[in-house]
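Asks: Pasting a structure here, questions to come.
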Amino acid sequence: MRLSSGTIRMIIPAASLAVLLVAVFYMQPRAMSYTGLNLLFNLAVPIALATIAQMLIMAVNDLDLSMGTFVSFTACVTATFLQSSPALGVLILLGAVAAYALMGIVIYVRQLPSIVVTLGMSFVWGGLAVLMLPSPGGEAPGWARWLMTSKPPYVPMAIVASIVIAVLTHLLVMRSSFGVLIRGVGGNARSVERAGWSVVGVRAAAYGLAGFFGVLSGIALVGLTTAADANIALRYTLLSIAGVILGGGEFVGGRISPIGAVIGALTLTLAGSFLSFMRISPDWQIGAQGAILIVVLALRLLLNRLEKRENNR
Amino acid sequence: MTIKKMLLASIAIVCVAAPLSVSAETADKKIALSNNYAGNSWRQAMLTSWDKITKEAVSNGVVAAADAFTTAENQATEQAAQIQNLILQGYDAIVINAASPTALNGAVKEACDAGMVVVSFDGIVTEPCAWRIAVDFKAMGESQIEYLAKKMPEGGNLLEVRGLAGVSVDDEIHAGIQAGVEKNPQFKIVGSVNGDWAQDVAQRAVAGILPSLPEIKAVVTQGGDGYGAAQAFAAANRPIPTIVMGNREDELLWWKQQKDANGYETMSVSIAPGVSTLAFWVAQQILDGKDVKKDLVVPFLRIDQDNLEANLEKTEKGGVANVEYSLEDAQKVIGAAM
């Protein structure tokens with residue numbers, strides 16, 4: 001039986017995660033337990049949510065460089081307003097989602113490059129976060145803390161959450177008509193428009209949904225850390241982009257995979273632990289992380305060639 | 001119980017406990033250092049001190065291992081993941097220089113729940129189950145104004161060079177400087193810039209604000225920014241005010257040159273990077289079963305006109321004036337907090 005390139009595209013992220021996991025278990029048998037798995041993966045949950053948010057933006061051929069500061073901002077809202085006066089907190093977070101939708105509209109209507117707009121917005125989010133929490137602090141709402149530290153039977157919270165996120169977003173993006181529209185706008189906006197859909201509406205919805213997942217990421221992060229800090233999630237911008245690409249997504253063409261994105265986020269987190277268990281000196285760690293990315297991307301390049309050959313046949 | 005009896009009792013306890021405390025129960029314990037940043041001279045000196053003191057302790061059989069881990073990027077989320085990895089690796093204690101006082105609390109709590117001792121220093125964490133070795137940064141800021149008040153009783157205009165915005169250390173030193181100015185109203189802060197604890201940033205920032213400022217009598221700083229400030233004044237052809245230094249080698253060297261050339265007077269204050277070794281001994285003492293208060297205070301390292309040469313000699317090129325702590329120093333600090 002010959003595997004189609006589509007299947008291979010799905011298998012590569014899963015296989016790289018499995019290989020890393022086996023390596024980690026080999027080096028640190030202690031990780032092969034309920035608490036061990038939870039410790040390995042619980043910080044991957046907010047990254048997975050941010051990756052999904054980034055994936056939705058990338059689905060419409062854009063790139064969000066403000067993801068890290070946005071998640072930091074929502075984390076600060078969660079640790080301050082959402083905790084002390086929940087109604088106001090929800091209102092602010094809804095406003096943030098609306099701002100994202102608006103950003104999607106402005107980028108489309110004014111034909112602006114998304115990279116420039118989101119880079120600008122990253123300073124806005126960062127500034128607002130510093131205004132709210134000039135020095136680190138705040139407190140996680142009880143329910144967020146409870147949710148992130150709950151201990152379901154047999155399977156640790158981190159794994160349950162990752163599976164729930166993957167399945168829900170898969171249904172939303174790959175199985176619903178709304179998901180088809182989003183991917184359609186990324187693939188060929190003109191044909192979507194000719195079919196009578198409003199591209200601007202779809203893009204606003206995609207951005208709004210990305211904002212929503214960004215908010216969830218901030219809440220999950222604060223649930224884990226118990227408090228926030230205006231710079232808490234700056235790394236998420238690059239991690240989320242890398243997660244999408246690792247998981248089999250593409251920068252253009254509306255080619256995305258929610259399950260792959262979640263796996264990509266888990267792989268990136270695990271790669272960090274792997275390098276730390278290897279006792280690689282920090283000077284080399286960034287390089288080693290980069291090397292892992294390059295290896296996976298090289299596999300992808302190979303895959304693209306394979307696809308081309310299939311299509312030419 | 002009368003005070004006399006209490007004294008007698010404590011002497012008795014000391015007599016009984018002292019012979020047992022020599023490298024006692026910690027020979028099989030493993031201590032890890034979790035560090036968030038290694039990109040400046042202070043942090044490099046901190047890691048070197050850790051390496052030097054812990055290597056000795058390991059070879060003497062005081063502890064089984066004392067490994068240092070630095071995150072690749074200065075981010076709280078990454079350090080939280082690192083701490084969780086250290087839990088998995090089965091360390092008995094973690095010594096932390098934290099990227100954020102609050103954002104690591106979740107991971108620190110996990111470590112405490114796993115039965116580990118967590119000692120934070122310099123960049124401390126607020127989680128109640130951890131120990132904190134804090135520097136009184138506020139007093140450090142205030143001491144600068146006190147020095148200036150003695151040196152120039154008539155007062156004058158001050159320029160404040162601050163650190164990295166949004167970091168708690170910057171807030172605290174700034175609060176100390178402000179408290180000092182309130183007590184000594186003859187001083188007035190006429191300008192304030194962020195120098196990010198880096199000479200090049202400080203130089204640019206000071207150069208930018210200088211044209212708009214009146215005559216400056218003194219510059220209060222946070223460390224790592226005094227040399228840059230001096231360069232900015234020199235480039236603008238303005239008289240060089242009294243610039244408080246921060247123990248960096250380039251700052252001390254510049255001070256020495258000025259002192260030799262024209263009798264320039266100032267002082268220099270910062271914390272010694274060797275505070276990491278103090279944290280190591282505190283962790284060792286806690287593992288040894290000693291009763292240690294959760295909050296300890298470490299003195300800062302001050303250099304004055306008369307001991308400048310001696311300190312400069314001991315400071316490595318491109319480094320920071322440093323002190324390494326011994327087990328006895330740690331016991332003194334622990335005792336002082338009791």
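Asks: Given H placed on each backbone N at 1.01 Å, which residues far from B:ALA272 in sequence or on other chains put an amide H within less than 5 Å of it?
Replies: B:LEU301
Asks: On to the next question. Identify all lysines with a Cα-Cα distance to B:LYS217 below 24 Å; exclude those on the same chain that are fewer than 8 residues away in sequence.
Replies: Cross-link targets: B:LYS138, B:LYS150, B:LYS151, B:LYS183, B:LYS188, B:LYS256, B:LYS259.
Asks: Of the residues A:VAL130, A:VAL97, A:VAL295, which exhibits the maximal mean-square fluctuation in a Gaussian network model of chain A defined by a 10 Å Cα contact cut-off?
Replies: Checking each option, the largest mean-square fluctuation is seen for A:VAL295.
Asks: Let me check against my output: what whole-number percent is the relative contact order of region B:137-270, with C-alpha pairs under 8 Å and at least 6 apart?
Replies: 24
Asks: How large is the Rg to Rh ratio of region A:51-105 when both quantities use alpha carbon positions and Rh follows Kirkwood? Can you show the working numbers first?
Replies: Details: Rg = 12.4 Å, Rh = 12.0 Å.
Computed over Cα atoms, the ratio is 1.03.
Asks: Let me ask something else. Using all alpha carbons of the protein assembly as shown, what is the percent of pairwise distances in each 20 Å bin, ordered from the shortest bin to the longest?
Replies: Whole-percent P(r) values from 0 Å outward: 17, 44, 31, 7, 0.
Asks: On to the next question. Taking region A:151-256, which chymotrypsin sites (Phe, Trp or Tyr not before Pro) meet the DSSP loop condition and have no more than 14 other C-beta atoms within 10 Å?
Replies: Loop-located and lightly packed - A:TYR154, A:PHE251.
Asks: Then there is this: Considering only the protein assembly as shown, what is the antiparallel percent among its DSSP beta bridges, to the nearest 5?
Replies: Among the beta bridges of the protein assembly as shown, antiparallel pairing accounts for roughly 10 percent.
Asks: Given the -39500 (n - 2.57) contribution per DSSP H run of 4+ residues, what per-residue ellipticity at 222 nm results for chain A, rounded to the nearest 500 deg cm²/dmol?
Replies: Rounded to the nearest 500, it is -25000 deg cm²/dmol.
Asks: Something else about it: Taking one equal scatterer on every alpha-carbon of region A:131-261, how large is log10 of I(q)/I(0) by Debye at q = 0.12, 0.14, 0.19 1/Å?
Replies: Evaluating at q = 0.12, 0.14, 0.19 Å⁻¹ gives log10 I(q)/I(0) of -0.61, -0.79, -1.17.
Asks: Given R₀ = 41 Å, what would the calculated FRET efficiency be for B:LYS150 paired with B:LYS52, taking r from the Cβ atoms and rounding to 0.05?
Replies: 0.65
Asks: Given the options B:LEU159, B:LEU104, B:LEU88, state which has the largest fluctuation in a GNM of chain B using a 10 Å cut-off (strictly under) for Cα springs.
Replies: B:LEU88
Asks: In the P(r) worked out for region B:205-327, what percent of Cα pairs fall beyond 17 Å?
Replies: Counting pairs separated by more than 17 Å, the tail of P(r) holds 61 percent.
Asks: Ok, one more. Once fully extended, how much extra length lies between A:VAL155 and A:VAL90, figured as 0.36 nm per residue of separation less the alpha-carbon to alpha-carbon distance?
Replies: That pair, A:VAL155 and A:VAL90, stretches by 20.3 nm at full extension.
Asks: In addition: Sequence gap at least 6, Cα distance under 8 Å: using those rules, report the relative contact order of chain B to the nearest whole percent.
Replies: About 17 percent, as a whole number.
Asks: Which of these, B:ALA283, B:ALA114, B:ALA175, has the largest mean-square fluctuation under a Gaussian network model of chain B (Cα springs below 10 Å)?
Replies: Residue with maximal mean-square fluctuation among B:ALA283, B:ALA114, B:ALA175: B:ALA114.
Asks: Excluding B:TRP50 itself, calculate the net charge of residues whose Cβ lies under 13 Å from the Cβ of B:TRP50, where each Lys or Arg counts +1 and each Asp or Glu counts -1. Mind showing how you got there, number by number?
Replies: Working: positive: B:ARG43, B:LYS52, B:LYS55; negative: B:ASP51, B:GLU56, B:ASP67, B:ASP122, B:GLU324.
Result for the local shell: -2.
Asks: Follow-up. Read phi for every residue in region B:266-280 and hand back ³J(HN,Hα) as whole Hz from Karplus 6.51 cos²θ - 1.76 cosθ + 1.60, θ = phi - 60°, with x for Gly and Pro.
Replies: Ordered by residue, 3J(HN,Hα) equals 7, 9, 9, 8, 5, 9, 6, x, x, 4, 4, 6, 4, 4, 4 Hz.
Asks: In whole Å, largest first, what are the principal axis extents of the Cα atoms in region B:137-270?
Replies: Projected onto its principal axes, the Cα set of region B:137-270 covers 33, 32, 29 Å.
Asks: How many angstrom separate the Cα center of region B:72-149 from the Cα center of region A:280-313?
Replies: Rounded to whole Å, the Cα centres lie 37 Å apart.
Asks: Using modelled backbone amide H atoms (1.01 Å from N, in-plane), which distant-in-sequence or interchain residues come within less than 5 Å of B:MET267's amide H?
Replies: Correct list: B:MET245.
Asks: Output the direction-averaged projected area (hull surface divided by four) of the convex hull of the alpha-carbon atoms of chain B, in nm².
Replies: Numbers: hull surface 77.7 nm².
Mean projected area for chain B: 19.4 nm², to one decimal.
Asks: Give me the mean projected area, in nm² to one decimal, of the convex hull enclosing the Cα positions of chain A.
Replies: Taking the Cα atoms of chain A, their convex hull projects to 18.0 nm² on average.
Asks: Can you give me the relative contact order of region A:5-303 as a percent, contacts being Cα pairs under 8 Å and 6 or more apart?
Replies: In percent, rounded to a whole number, it is 37.
Asks: Also: When a footprinting reagent is the concern and you count Cβ atoms within 10 Å, what order do A:VAL296, A:VAL124, A:VAL116 take, fewest first?
Replies: A:VAL116, A:VAL124, A:VAL296
Asks: Find the centroid of the Cα atoms in region A:124-138 and in region A:14-79, then give the distance between the two in whole Å.
Replies: If you average the Cα positions of each part, the centres end up 23 Å apart.
Asks: Taking neighbour counts of Cβ atoms within 10 Å as a proxy for exposure, in what order, fewest first, do A:MET55, A:MET157, B:MET140 appear?
Replies: A:MET157, B:MET140, A:MET55
Values quoted throughout were computed directly from the atomic coordinates according to the rules given, and no laboratory measurement underlies them. Being a predicted model, the structure only gives us computed values, none of them experimental. Methodologically, a virtual Cβ is constructed for each residue, glycine included, from the backbone with ideal geometry; neighbour enumeration extends over all protein chains shown.
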